[in-house]
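Peer 1: Starting off with a structure, shown below.
The values are calculated or read from the model by the stated rules, or taken from the named source; none is laboratory data. In this text, all values refer to a predicted model and were calculated from it rather than measured experimentally. Using ideal geometry, Cβ is built from the backbone for each residue, glycine included, and neighbour counts are taken over all protein chains shown. The protein model used for the area step is the full one, side chains on, heavy atoms only, and it has no ligands, DNA or RNA in it. Shrake-Rupley method; radii C 1.70, N 1.55, O 1.52, S 1.80 Å.
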Amino acid sequence: MSPITEVVFSPSARLLSAIFYAVSSFLIILVNKTVLTSYRFPSSTFLAVGQMGFTLLILYIGKVRGIITFPDFDRDVPRKLFPLPLLYIGNHLTGLASTQKLSLPMFTVLRKFSILFTLILEIVILRKRHSLSVALSILSIVSGAFIAASFDLTFNLEGYTIVLMNDLFTAAYSVYTKEKINPKELGKYGVLFYNAAFMILPTLLYIFWSGEFEKVLLFSQWTNFYFVLQFLLACILGFILLYAIVLCSYYNSALTTTVIGALKNVSTAYIGIFIGGDYMFSWLNFLGLNICMAGGVAYSFVTFWESSPSVDSHSTPLNWEEQKPGLLQVTNKNIDSKDII
């Protein structure tokens, strides 16, 4: 029997997709924080609708102009996509709400628990096994988060509950995205488009039902050019972040995507200590922050610089440029999701 040919992603492809996701995630947290906290925009849900709307618009224009492709809608699309739309909207709304409820450093620290949840879900859903070094680095990240959260001088039960829910949604969304991103079916653009298409109308109905739409209409900053500019930037970054998540999940494991999302907090957390005005310093809290960040850095070294998975002699590593055209063409025969790490 002839050996099975596999595509082995090069370290540069995995690293570049991870950096793209980290930068996108870093930028959107800062912009969302400014819109929701500094300008006191009254509805994080409406901002989510704006981000979904831009996602639909950009992808539709791209498909019409032939820049990208994804399947037309049919009765099989919901089956292929479920439960991603529910996880998508849950992740989106709890993420924006938690940004509004907590100081920036504590938000980024508590988001580390999504790593633990992803580790568990990868074992349960994807049947994936991890090395001891990965487990120890994850343990240090979570331990640092526990220390920092225990000595948070601005404890907010509602904020903590929302961000932990966001962690669970993030973990589940990453794992199921890894499972659903098969290019033979919806592909990465189809997953992005139909996620937003299925959830934008229910979210709009919720805004009308909750009375948030009236608050949005009466918001005084709509005449402020700088606020409008940052609101539009937040909407565009919402699409870029979703694309970056899918791209990083394609080249890496769901756990790596989640950890890389946490690594960008090395910058975000320390910047948040000096800006925003809602962080109260304590040495134990600061110690927890540093343990958490050190664990994240250790994981990055373990993941990107430890020995590559063994492949047969027919396997051929692909570089970043060679892999980009294959994103829309590769099939399950070439790539098994459990082998992409």
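Peer 1: Quick one: length gained pulling residue 60 to residue 158 fully straight, 0.36 nm per residue minus the C-alpha distance?
Peer 2: Result: 31.5 nm gained on full extension.
Peer 1: Right, something else. Which entries in the list 63/178; 63/128; 128/188 go over 32 Å, if you measure between the two C-alpha atoms of each?
Peer 2: 63/128
Peer 1: Based on the Kirkwood radius over alpha-carbon pairs, what is the Stokes-Einstein translational diffusion coefficient of region 1-95 at 10 °C with 1.306 mPa s viscosity, in µm²/s?
Peer 2: After rounding, the answer is 93 µm²/s.
Peer 1: Along the Cα→Cβ direction, 7 angstrom out, place labels at residue 217 and residue 75. What is the inter-label distance in nm?
Peer 2: Calculated label separation equals 4.0 nm.
Peer 1: Can I ask one more? Once amide H atoms are placed 1.01 Å from N in the peptide plane, what residues at a sequence separation of 5 or more from residue 10, or on another chain, have their amide H within under 5 Å of its amide H?
Peer 2: Under 5 Å from the amide H of residue 10: 318.
Peer 1: State the Cα centre-to-centre distance between region 46-75 and region 161-236 in whole Å.
Peer 2: Each part's Cα centre sits 13 Å from the other's.
Peer 1: Here's another thing I want to ask about it. Got a sec? What order do 158, 214, 185, 122 fall in by accessible area at 1.4 Å, biggest, i.e. largest, first?
Peer 2: 214, 158, 185, 122
Peer 1: Rounded to the nearest 0.05, what FRET efficiency do residue 127 and residue 228 have when you use their Cβ-Cβ distance and R0 = 51 Å?
Peer 2: E(calc), rounded to 0.05, equals 0.60.
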